[in-house]
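Take a look at the structure set out below.
The values are calculated or read from the model by the stated rules, or taken from the named source; none is laboratory data. Computed from a predicted model, the values in this text were never measured in an experiment. Cβ atoms come from the backbone with ideal geometry, glycine included; neighbour counts cover every protein chain shown. Quick note on the areas: whole protein, heavy atoms, side chains included, nothing else; ligands and nucleic acids left out. Shrake-Rupley method; radii C 1.70, N 1.55, O 1.52, S 1.80 Å.
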Protein chains: 2
Amino acid sequence: MSAIVGPQACLSQAPDLQPFVTDYRGLYVGQAAAVVLPNSTEQVSQVMAWCHARGVVVVPQGGNTSLMGGAVPEPQGQAVVLNLRRMNQVLAVDTVNDTLTLQAGVTLNAARNAAEDAGRLFPLRIGSEGSCQIGGNISTNAGGTAVLRYGNMRDLVLGVEAVLPDGRIYSGLRGLRKDNTGYDLKQLFIGSEGTLGIVTAAVLKLMPQPTASSVALAAVASPAAAVALLGEAKKTAGQAVTAFELISGPALDLVLGYLGNVKSPFEARHDWMVLIELTSGASSESLDQTLMQVLESGLDSGLVLDATLAQSGADAQTLWRIREEISDAQTRTGGSIKCDVSVPLSRIAAFIEEASAAVLALEPQTRMIVYGHMGDGNVHFNPLRPADRAAKDYLTAFYEPISRQVDSLAHAAGGSISAEHGVGVAKRDDLSHYKSEVELALMWQIKKALDPQGLLNPGKVLPAPVAAQA
Amino acid sequence: MSAIVGPQACLSQAPDLQPFVTDYRGLYVGQAAAVVLPNSTEQVSQVMAWCHARGVVVVPQGGNTSLMGGAVPEPQGQAVVLNLRRMNQVLAVDTVNDTLTLQAGVTLNAARNAAEDAGRLFPLRIGSEGSCQIGGNISTNAGGTAVLRYGNMRDLVLGVEAVLPDGRIYSGLRGLRKDNTGYDLKQLFIGSEGTLGIVTAAVLKLMPQPTASSVALAAVASPAAAVALLGEAKKTAGQAVTAFELISGPALDLVLGYLGNVKSPFEARHDWMVLIELTSGASSESLDQTLMQVLESGLDSGLVLDATLAQSGADAQTLWRIREEISDAQTRTGGSIKCDVSVPLSRIAAFIEEASAAVLALEPQTRMIVYGHMGDGNVHFNPLRPADRAAKDYLTAFYEPISRQVDSLAHAAGGSISAEHGVGVAKRDDLSHYKSEVELALMWQIKKALDPQGLLNPGKVLPAPVAAQA
């Protein structure tokens, strides 16, 4: 192996392996025989061919920021972790075709910066953008706060290069918006969490840079009022509606306590709030006017109870910081049950009411940390331990029953039990409950067609096949 | 079979079969044992299971508007044509979730009307919209004139229901904008031209209805000037740029001759023109101003030679009619070599110059009918016989060498030899030249995984496997 990547790029001592076999929350710890850090697609191909010839398991890894244990090896075994961080070159920026071609190990931040330097926007926006990598964003079909306007990573990828389980290279680095020459093979590698191939490079879509943005936080009467306000915002501002994020009262309490130096934007305490961002190529004044119009009409109709419009970039940043630090505030507090669900917008309000009632029936002191990307139907529904209860106690007692309840209610509402976080190990076995037999069989048919030996990221995504599918 | 669908819905007499085994241009005539017209997913499933048990080949068919012979059976054989036209129900319109759920046999026009009745837009816009069906649009990943703004059919589909080659039903009729629970199986059925499953229903995205539009025709100095003008339009009007269609001088000559009663919008004759459409939720006056600004800056910089801005809806319709009738004008004239290519925008001008020179070197009297969706990199590059030469002569002499030249130049420019028309029979064997061995092998791996008996739409899309891939 070190003959392929060089001795410096092939680690096999336990202390060197440790950061690569442990996920960033420290919840999943795996075992590996080696970590390799190739610096080219050719090297990835050679490593994969070497492993294929010997039946060695390979776990592809980008920034190792998966919340689902998707990027670390299984607890037992002799896996090779193939980390792509050295493949961090931006290969081409094309401002006529509006495309960005880059290696998989470029971080999301670096990709966004490369776009900005060229006067364009790469719109994917997620919490881990400083360390997550484009290859991982593709493999997990990353989502985030701008999906409402720009779509998921799948919508932002025009071309993919990937190394197959036997080491062959699929070269699909095309920057075309229309190409109907046979099966769209790149789709296989988007969102399959490294189980079908290792993404080594990609061509991404660039967007015009918005010249103006307008941000407001509005207290709303209920989740149903939030949905109605979103309808109003879409009617008034059309595609300018870029983000529409829900924040529950307990989520605001938690994050303000965590941040310490940030004051609540409202005099009164509210049960539900939404962070709205409009962006466009128009002027900020006219965008502020449009957002004011949405908010005023909401105040008139009773959907909106109070609202604050950011008067400056700094104001807008503060509002966004409140939203973005909710996740860290939970991690620091400990004892939260993370359900990343999506439901059709027409059923999301009822879902939130029902799921909240179900959780509070189990443990009335639970803090209902509910927030996220309501505009695209995705909420992070994260019941948190009561302040006076130990995290471990709470999770032992409630992790199973609460997540099962929440997931089942989302599923019953036509929703998804993993909107953007993916499956990894964490949700793998849950798929048996929520996917049909046909869906699971199809997934295995594809897996076996592309990776008959089961060498790529085994134990992830696909629940163990039942006899009929084996 | 008639036990499943009823005797009225199972045709087997030659005259009854004829319209179902002939493509609409009359270029591909196949043979079938029967045509069945199921009226439910359950019936499609039963028909498919029946055929699967007996090794009978099935050709799924929607509106039968394929330009590539994709929807008719092979010339020899005992295929069953499964036509979906009776499955023409709109199942649900959800204006909160902005989704439209419908059966596969709903025509595109009917889908657009259902959206409009609900105050929404379903943005797919193609020439055959009166007769093509949603199932076919999905199976071929249809494109058209609004891809620049709204994407291809793949981008507009949230959920798919499909019957598999063994009759099992894949039920993916979900209306979610985020769902990362395993492989995105619907992608298998989008753009695979009925070779992996029969699409029976879908959930489509709806968009806000634009309240205003502004349309202009501009004469430009060259294809390069057209690309530069597109850049200006995107910079000035952002996402309002909805269509940006190229029209060559000979294409305008042809269509004006064909229409008879329509005058050229310009005093002088020009070699290249572009039809630009902006749409938005703003007012038409402000949109007209924006478009005027784009055109005036183009006139100042010499990109634009002359321009006419539609002063009314009727004006706009006339301009669009000129663009839309080019296809029919060619069909009536006969003797055109249809190359539906796409290239990155940064290379499209050079491609058009090179490919035109190559064609004219072969036959200098060829009329260069070049038009289409330049904004998304797609041009219909359709060399047409000289006026005094018989269609058959011209095609016999030049079809092969010209299409090979044009396709090769598009491929060399990082482009596609079939941007939106798909593969069908017409381009099937060409894929052997322009797809890598790995791509062809992957396509066959997927085909064999889902349809090991090769029962669904055989002879389409996939070129015969070479020994190593068999």
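Key figures
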read-out: Flag for B:ALA224 being within 14 Å of chain A (Cβ to nearest Cβ), modelled with pLDDT of 95 or more, more than 27 Å from B:LEU100 (Cβ to Cβ) and surrounded by fewer than 19 Cβ atoms within 10 Å (Cβ to Cβ); value: yes
read-out: Top-ranked residue of the range B:245-290 - restricted to ones that are in a helix (DSSP H, G or I) and within 14 Å of chain A (Cβ to nearest Cβ), ranked as most open to solvent (accessible area, probe 1.4 Å); value: B:GLN289
read-out: Of all residues in the range B:170-207 being acidic (Asp, Glu) and without any contact (Cβ under 8 Å) to a residue 40 or more places away in the chain, the one that is farthest from A:LEU440 (Cα to Cα); value: B:ASP179
read-out: Flag if A:ILE446 is closer than 28 Å to A:THR65 by Cβ, assigned to a helix (DSSP H, G or I), within 13 Å of chain B (Cβ to nearest Cβ) and not hydroxyl-bearing (Ser, Thr, Tyr); value: yes
read-out: Answer residue from the range B:417-436, given it is hydrophobic (A, V, I, L, M, F, W, C) and over 18 Å from A:TYR170 (Cβ atoms) and is nearest to the other protein chains (Cβ to nearest Cβ) among those; value: B:ALA419
read-out: Qualifying residue in the range B:337-347 (condition: open to solvent by 20 Å² or more (accessible area, probe 1.4 Å), in contact (Cβ under 8 Å) with a residue 40 or more places away in the chain and charged (D, E, K, R)); value: yes
read-out: Pick from the range A:61-105, criterion within 14 Å of another protein chain (Cβ to nearest Cβ) and among the polar types (S, T, N, Q), ranking: surrounded by the most Cβ atoms within 10 Å (Cβ to Cβ); value: A:SER66
read-out: Residue check for B:LEU176: touching a Gly at 6+ places or on another chain (Cβ under 7 Å), under 30 Å from A:LEU462 (Cβ atoms), open to solvent by 10 Å² or more (accessible area, probe 1.4 Å) and assigned to a strand (DSSP E or B); value: no
read-out: Lone unmet requirement of (1) of a type in the set (Gly, Ala, Ser); (2) more than 7 Å from chain A (Cβ to nearest Cβ); (3) at positive phi for B:ALA218; value: (3)
read-out: From the options B:ALA357, B:ALA314, B:ALA310, residue that is modelled with pLDDT of 95 or more and crowded, with 17+ Cβ neighbours inside 10 Å; value: B:ALA310
read-out: Filtered residue count, the range A:361-375, keeping only those that are part of a loop (DSSP other than H, G, I, E, B) and either more than 14 Å from chain B (Cβ to nearest Cβ) or without any contact (Cβ under 8 Å) to a residue 60 or more places away in the chain (or both); value: 4
read-out: Number of positions in the range B:206-221 that are open to solvent by 10 Å² or more (accessible area, probe 1.4 Å) and not in a strand (DSSP E or B); value: 4
read-out: Counted residues, the range A:67-104 - those being farther than 17 Å from A:LEU173 by Cβ and part of a strand (DSSP E or B); value: 5
read-out: Residue match in the range A:7-19 (condition: in a loop (DSSP other than H, G, I, E, B), modelled with pLDDT under 95 and open to solvent by 20 Å² or more (accessible area, probe 1.4 Å)); value: no
read-out: Total residues in the range A:140-151, condition open to solvent by less than 20 Å² (accessible area, probe 1.4 Å), over 9 Å from the mean Cα position of the chain (by Cα) and within 11 Å of another protein chain (Cβ to nearest Cβ); value: 2
read-out: Any chance A:VAL47 is on the phi < 0 side of the Ramachandran plot and open to solvent by less than 10 Å² (accessible area, probe 1.4 Å); value: yes
read-out: Long-range neighbours under 6 Å by Cβ, at least six apart or interchain, first residue over 22 Å from B:HIS421 (Cβ atoms) within the range B:69-97, second hydroxyl-bearing (Ser, Thr, Tyr); value: B:LEU91/B:THR101; B:ALA92/B:THR101; B:ASP94/A:SER346; B:VAL96/A:SER346; B:ASN97/A:SER346
read-out: Qualifying residue in the range A:414-426 (condition: closer than 28 Å to B:SER45 by Cβ and more than 19 Å from the chain's Cα centre (by Cα)); value: yes
read-out: So A:VAL203, is it open to solvent by less than 20 Å² (accessible area, probe 1.4 Å), closer than 30 Å to B:GLY424 by Cα and either more than 7 Å from chain B (Cβ to nearest Cβ) or in contact with a Pro (Cβ under 7 Å, 6 or more places away or on another chain) (or both); value: yes
read-out: Which listed residue is of a type in the set (Asp, Glu) and modelled with pLDDT under 95, from A:GLU285, A:GLU296, A:GLU277; value: A:GLU285
read-out: Any chance B:VAL58 is at pLDDT 95 or above, open to solvent by less than 20 Å² (accessible area, probe 1.4 Å) and in contact with a Cys (Cβ under 6 Å, 6 or more places away or on another chain); value: yes
read-out: Failed item, numbered, when A:ALA33 is tested on (1) at pLDDT 95 or above; (2) in contact with a helix residue (DSSP H, G or I) (Cβ under 8 Å, 6 or more places away or on another chain); (3) not charged (D, E, K, R); value: (2)
read-out: Given (1) assigned to a helix (DSSP H, G or I); (2) out of contact with any strand residue (DSSP E or B) (no Cβ under 9 Å at 6 or more places or on another chain); (3) among the charged types (D, E, K, R), number of the condition A:ASP429 does not satisfy; value: (1)
read-out: Pairs with Cβ under 7 Å, 6+ apart, first in the range B:216-245 and closer than 15 Å to B:ARG149 by Cβ and acidic (Asp, Glu), second open to solvent by less than 10 Å² (accessible area, probe 1.4 Å) and in a helix (DSSP H, G or I); value: B:GLU245/B:MET374
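Residues checked against (1) open to solvent by less than 50 Å² (accessible area, probe 1.4 Å); (2) touching a helix residue (DSSP H, G or I) at 6+ places or on another chain (Cβ under 7 Å); (3) at pLDDT below 95; (4) more than 14 Å from chain A (Cβ to nearest Cβ):
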| residue | (1), (2), (3), (4) |
| --- | --- |
| B:GLY377 | yes, yes, no, no |
| B:LYS392 | no, no, no, yes |
| B:LEU409 | yes, yes, no, yes |
| B:LYS460 | yes, no, no, no |
| B:GLN469 | yes, yes, yes, no |
